[in-house]
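First up is the structure itself, then whatever we jot down about it.
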Amino acid sequence: MPEIALEMKNITKRFPLVVANDKVSFTVYKGEIHALVGENGAGKSTLMSILYGLYQADSGKIFINGEKVSIANPNVAINLKIGMVHQHFMLVPPLTVTENIILGMEPKKNNIFIDMENATKRVEELSKSMGFKIDSKAKIENISVGIQQRVEIIKVLYRGAEILVMDEPTAVLTPQEVEDLFEILRSLKKQGKTIIFITHKLNEVKALSDRVTVMRRGKVVGVKDTKDTNQEEIASLMVGRKVIFDIEKKPHSPGKTALKVEKLKALSNKGLPAVKNISFEIKEGEILGFAGVEGNGQTELVEVITGLRPASSGKIFLYDHDITNYSPRSIREDKIAHIPEDRKQRGIISNYTVAENLILGSHYRSPFNKGLALNFTAINNHANNLIKDFDIRPSDKDNFLKSLSGGNQQKVIVARELYGEPKLLIAAQPTRGLDVGSIEFVHQQILNERDKGKAILLISADLEEILSLSDRIAVIYEGEIVDVLDPKKTDENEIGLLMTGSTANKKLSKAK
Amino acid sequence: MKINKKFDYFVILEKITPLIAVIFALLVGAIVIMLIGEDPVFVYKTLFSNAIGNRDGWGNVLFRATPLIFTGLTVAFAFRCGLFNIGGEGQMYIGTFLATWVGFTFTNLPAFILIPLCILTAAAGGALWAAVPGILKAKTGVHEVIVTIMMNWIAASLTFFLVLKFKAPPTEAMIEAGVKQMIPHTSEIAQAARLPRLYSIFKFLNIDFPAYNQVNVSFFIAIGVAILAYYILWKTNLGYEIRAVGYSPLAAEYGGISVAKNIILAMVISGAFAGLVGTNEIMGFKYRWRQELFTGLGFNGIAVALLGKNHPLGVVLAAILFGILNYGGAIVNIYTAGRIPRELIMVLQAVIVIFVVISDEVVKRLIRQRRKIL
């Protein structure tokens, strides 16, 4: 029997509207990588917040190395050698790597001055022991996300952590960076550290973890040895029913050219070139997927096509009709639908009701607007119909959007955008942050539109999504399309390399 | 559904925070009164019984509430578009002065033309003054708070200049006594530009109401404007767009709504409300521009809007409450022979505003904490 590093017994945490943790018992062995999986709202984060002292459990006990502890705040957790790497990094951009790592635990000289020499030495020792190549004097703002994550890991180790909690660490990484991270975690495991790995990506569970705990609706629904289980089993535990993984896709039968983009250029918010000479076409009944690391011009490209950002040069045609630099309203009237990547900021008005959100963009037109006043009969009927068709929950048109789950907010957007038979659908990060059930739903909707003969521009950071949905894949890097691939003849590895600009490697992998 | 019921409970709590704030403020006021060595029960009884215990009191309260409804709606309307229009003061000056000018210039027009003309001029003046910060915000991104504050000073100086330019000629009595105008003022507006006092309507209905009571038809205009503001904001396409811009400019832009256009429109409408203060102060009360006649009403509108939670109905209720405190406070001052200073009322108003802000934040945090689902 392996030694137990952490045991949480019968943890219950209630919020007024929901029992976030319902008698959750969670055991982690010393030196293992333990995956904690579940849909959004399943209670994983609450459980980890209780472990890290951000919340207090209503009832239940926590044991570290067999000793009962009470964790009142994160400082107690740190003293108990628990470290947490948050999904959103807690780093100060203008400070150097070393300064960030020692922040709050600075070694002192004469009790007054920071002993930078000593600090640098310790940081370098730590990163060396991990096999990291990090310039300890580099500023955080100048290093990549992948390296920043390593800094976070060193920061936790610097504080002497024995139990590391990684909160969805791969969400922001490229496939290569994910591989590197896994190597790091495995070597930490070799050093005897215990790792709790929160995720909802099942392939990662399989690739990395020793054991897995699955949560659903605040309860633990299964604890498995990873080698004795498979993705299908974990997924059905998470969702509570069978999940269809393989997307069934009808054969690709492209029609006329729907969208044509010619030598498009646009600037970023900072005034730097973001879209550099991009040309492509999308035909009816075709999904063109854009793969790329975020921040390589995808956002700007979509904004230019939808009229939210001016093109500095180049042309955009919708069925031979030049729509370059049209206003967002006239582009909508030309039947381009847009599922925006920034759901909370762009896609919804969280203080508007479901009904009000469902008319955004067509609110000024008949039947929703008659003369001067809004036509509430039409608005309410429209809302009730879409709520039923798209199974938006809770099914009350008068709920504020902010009270809906992420998945249901996205359903509202999808319902609104697909209404009125768009000619072109632009879907940017359509399933980001959604749970398995909602992802399935959104994918199905996108494929339905394709099969109805609509042209679809899909942008996603999730390569699996790009590979399974697209008919063609364009890889975008630093504002340019570096290659267009056939999804049947490529894999995550090749795309991943292209995404990071490794064109030399691309030839290698092709030769292979 | 269970969940919804709990949710509603918090929504209600959120909505009645101003009421809680008022009760707390009155308690604080009671402590202050006790500290001056007076009896709070007596003071509050005098205050409320005189202000709302009889028709005359009500008339005085509504007269004082009327301009605050206008300036409160000014702040509330702009706020719905995400704008903090604290230029109600300046917009009120310009609208009111222009209306006065029309009133004493086109003296031979009949009432059915002159009254609407004066009202429209008042609104147009305020709208014009608010359009400047609106356009600057929409086109260049200059913050409306800065511009509206500066426009207040320009308006105050400009109207001061204008009142000297259009100063009323000295009356015979003044010439005889050899005195000049103490407070600069313009000539009176034409009889045909004056709004009737409610007294004349009550008389027609055979209801006993004192003739000297200053409450006038402008109160109905204020109520009408509050209904209009509500209608625009919640029942029209324009209101849908204005509120969308207020809640989320990015989502509005995405939905094909012009952020710039709606910012300008919201400011213009908001400024028009401020200008309408002139209907009460000039057309219904003083009949002439008198320097410093209504200084501060624009700023008090901010407190009224805050207390009224930026909702037209809330604004009307808050303005009436302020009217009660103002008038009742004046009466208390007289009854206690000055032992309770009128400033106490200002203390009460300030405490109410502070409590609204605090209780709002407290309730918000309470809700956030309770709803937290991770």
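Here are some notes:
- Dipole magnitude of region A:4-239 about its Cα centre (Cβ charges: Lys, Arg +1; Asp, Glu -1), debye to nearest 20: 600 debye
- Backbone HN-Hα couplings from phi across region B:111-121 [Karplus 6.51/-1.76/1.60, Hz, Gly and Pro as x]: 4, 5, 9, 5, 4, x, 5, 4, 4, 5, 5
- For residue A:474, the residues whose modelled amide H falls within less than 5 Å of its own, excluding neighbours fewer than 5 places apart on the same chain, are A:289, A:290, A:291, A:485.
- Under 5 Å, built H, 5+ apart or other chain: amide partners of residue A:220: A:25
- Taken one residue at a time, the phi angles of region B:214-230 give Karplus couplings (6.51, -1.76, 1.60, θ = phi - 60°) of 8, 4, 9, 4, 4, 4, 5, 4, 4, 5, x, 5, 4, 5, 4, 4, 4 Hz. Gly and Pro are set to x.
- Mean silhouette area of the protein assembly as shown, derived from the convex hull of its C-alpha atoms and averaged over all directions, reads 48.2 nm².
- Chain A, helix-only ellipticity at 222 nm - DSSP H runs n ≥ 4, -39,500 (n - 2.57), divided by all residues, nearest 500: -9500 deg cm²/dmol
- Shape of chain B, Cα gyration tensor, a/c cut at 1.5: oblate
- Relative intensity, log₁₀ I(q)/I(0), of chain A from a Debye sum that treats every alpha carbon as a point, q = 0.12 Å⁻¹: -1.23
- Ranking of A:431, B:71, A:170 by neighbouring Cβ atoms within 10 Å, starting from the fewest: A:170, A:431, B:71.
- Scaling the Cα radius of gyration of region A:220-306 by the globular reference 2.2 N^0.38 Å produces a ratio of 1.72.
- Residue by residue along B:252-263, Cβ atoms of other protein chains within 10 Å of the local Cβ number 6 on average.
- DSSP finds beta bridges in chain A, and of those with both partners inside it, around 55 percent are antiparallel.
- Rounded, prolate or oblate (a/c below 1.5 giving rounded, otherwise prolate when a/b exceeds b/c) for region B:168-299 by Cα gyration tensor: oblate
- When the Cα positions of A:442, A:11, A:86 are compared along the charge dipole of chain A, A:11 comes out farthest toward the positive end, with charges on each C-beta of Lys, Arg, Asp and Glu.
- Exposure proxy order (Cβ contacts within 10 Å, fewest to most) of B:172, A:281: B:172, A:281
- Taking θ as phi - 60° and the Karplus parameters 6.51, -1.76 and 1.60, the scalar couplings of region B:40-56 work out to x, 4, 4, 4, 5, 5, 4, 4, 6, 5, 6, 6, 10, x, 8, 5, 4 Hz in sequence order, x denoting glycine and proline.
- Relative contact order, whole percent, for chain A stands at 14, derived from Cα pairs under 8 Å and 6 or more residues apart.
- For chain A, size of Cβ-based charge dipole, Lys and Arg +1, Asp and Glu -1, in debye: 560 debye
- Estimated dipole of the protein assembly as shown in Debye, rounded to 20 [Cβ of Lys and Arg +1, of Asp and Glu -1, Cα centre]: 1000 debye
- Angle in degrees between helix A:406-418 and the longest Cα principal axis of chain A, rounded to the nearest 10: 10 degrees
- Degrees between helix A:436-451 axis and first principal axis of chain A (Cα, 0 to 90, nearest 10): 20 degrees
- Gap separating the Cα centres of region B:236-287 and region A:165-209, nearest whole Å: 52 Å
- Ordered by the count of other Cβ atoms within 10 Å of each Cβ, fewest first, A:248, A:478, B:241 give A:248, A:478, B:241.
- Relative contact order of region B:177-271, defined on C-alpha pairs under 8 angstrom at six or more residues apart (%): 14 percent
Every number in this text was worked out from the coordinates using simple rules, so none of it is lab data. These figures come from a predicted structure and were not determined experimentally. So basically every Cβ, Gly included, is an ideal-geometry build from the backbone, and we count neighbours across all protein chains shown.
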